[in-house]
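Chemist: Structure in structure tokens, see below.
The values are calculated or read from the model by the stated rules, or taken from the named source; none is laboratory data. Just so it is clear, the model here is predicted, and its values are computed rather than measured. Cβ placement follows ideal geometry from the backbone for every residue including glycine, while neighbour counts extend to all protein chains displayed.
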Amino acid sequence: MATPSDQSTPTKGVILSGMRPTGRLHLGNHLGALQNWVALQQEYDCIYTVVDIHALTTIESPTDVADIQPNIYEMVLDWLAAGVDPEQSTIFVQSQVPEVMTLHTLLSMVTPMGWLLRVPTFKEKVRQMDETEETVNYGLVGYPILQTADIILYKADTVPVGQDQLPHLELAREIVRRFNRSFGDTFPEPQAKLTEAPLILGLDGQQKMSKSLGNHIELAATPEETTKRVLTAFTDPQRTTRDIPGRPEVCNVYSLHKIFSSSAEVSTVYDECTTAQRGCVDCKRHLAASVNQYLEPLRERRRDFQERPDYVKQVLDQGGKEARAIAKNTIGEVYEKMGLGQHP
Ligand code: SF4
């Protein structure tokens, strides 16, 4: 790809985005983020990273650690299958560019503790982990600094975010401003690119689709597994027998039809449901067929990549080299500006 290292004549903005290595992705991840990543490649130089160091902030057992490498492999396979293109974008693993840890340490010198403690998601996370501000590990407190380092190490100027992540990005911008004021203009202030992702509810019809809640459909599932999963979906709770007309507006199966079935099919579902001409089991089978049809090209690409030994490793090695070249330039500049002399 045309790497952002050629910063003397920038023609495109530089996007940075990352995902924790959670293994195989699901439909919610695809519609909420991955699809957007693929589209952004047309307009920006994109840098996509597996943030494995961030995953360590909430690691609880050796089993979690053992899962990291297989999870990276499975997740990157999904990225590639969805259309994240190593010819256009830089794809790499965060920890393979150790300069990010150096920058994290250096940025911590200009980041007041109060800024970190006031991040709303920090308090929430501490509560979820059953910790206090006294007992929680520093990694979690310093998480936004590492996130800032992830972005500015590559001089990314744009970050795709949902509304809920805006406070994190605002903090990154504050850290950048403070660094630039103290040591001279070095980093661009990253701008938010708000993404309008549809909220995808899980098969329980109640909560956001999520692997931890077990209400998800994996992109890489077989058609048979997908059908089996979709058949477990909750529907209109008032429709206890087939002869009771349904209420599509409260049924998540209908919401999913609106995403995966054609508009003619969606109209048919609506009409047949509200007049009790369609049973919920048939309706779910219909949805499963639509989902399988939608995912088939992705699954085929995934199978192809899987059959190429070492393909994912090659992509990540190449991306790591590209990312490291940019990172070394930046750290060299930071060393000089902070009076540390030449970066070794
Ligand atoms: S027929 Fe379809 S849309 Fe209607 S309640 Fe059943 S699953 Fe939902």
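Chemist: So which of 55, 66, 149 ends up being among the aliphatic types (A, V, I, L, M) and over 24 Å from residue 328 (Cα atoms)?
Modeler: Residue meeting the stated conditions: 66.
Chemist: Tell me, which residue of segment 219-229 that is touching a residue at least 12 places away in the same chain (Cβ under 8 Å) and farther than 21 Å from residue 207 by Cβ is farthest from the ligand (Cβ to nearest atom)?
Modeler: 220
Chemist: Name, by its number, the condition in (1) without any contact (Cβ under 8 Å) to a residue 24 or more places away in the chain; (2) within 22 Å of the chain's Cα centre (by Cα) that does not hold for residue 295.
Modeler: Answer for residue 295: the failing condition is (1).
Chemist: Okay, next question. Within segment 230-252, track down each residue that is in contact (Cβ under 8 Å) with a residue 40 or more places away in the chain and in a helix (DSSP H, G or I).
Modeler: Matches in segment 230-252: 230, 252.
Chemist: Among what's in segment 244-302 and is charged (D, E, K, R) and closer than 26 Å to residue 38 by Cα, pick the residue that is nearest to the ligand (Cβ to nearest atom).
Modeler: Step one: filter segment 244-302 for residues charged (D, E, K, R), giving 247, 249, 258, 265, 271-272, 278, 282, 284-285, 296, 299-302.
Subset that is closer than 26 Å to residue 38 by Cα: 258, 296, 299-302.
Numbers: 258: 10, 296: 23, 299: 24, 300: 28, 301: 30, 302: 29 Å.
Checked segment 244-302; the qualifying residue nearest to the ligand (Cβ to nearest atom) is 258.
For every residue, the table says whether it meets (1) touching a Lys or Arg at 6+ places or on another chain (Cβ under 7 Å); (2) in a helix (DSSP H, G or I); (3) buried (at least 16 other Cβ atoms within 10 Å of the Cβ).
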| position | (1), (2), (3) |
| --- | --- |
| 266 | yes, yes, yes |
| 278 | no, no, yes |
| 289 | no, yes, yes |
| 298 | no, yes, yes |
| 303 | no, yes, no |
| 331 | no, yes, yes |
| 336 | no, yes, no |
| 339 | no, no, no |
| 342 | no, no, no |
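Chemist: Another one. Test each condition in (1) free of Cβ contacts under 8 Å to residues at least 60 places away in the same chain; (2) out of contact with any Gly (no Cβ under 6 Å at 6 or more places or on another chain) for residue 259 and report the one that comes out false.
Modeler: (1)
Chemist: Among the numbered conditions (1) surrounded by 20 or more Cβ atoms within 10 Å (Cβ to Cβ); (2) within 16 Å of the ligand (Cβ to nearest atom); (3) not hydroxyl-bearing (Ser, Thr, Tyr), tell me where residue 239 comes up short.
Modeler: So the condition that residue 239 fails would be (1).
Chemist: Quick one: count up the residues across segment 180-231 that are aromatic (Phe, Trp, Tyr) and modelled with pLDDT under 95.
Modeler: From segment 180-231, those aromatic (Phe, Trp, Tyr) are 183, 187; that's our starting set.
So of that shortlist, the ones also modelled with pLDDT under 95 come out as none.
Residues in segment 180-231 being aromatic (Phe, Trp, Tyr) and modelled with pLDDT under 95: 0 in total.
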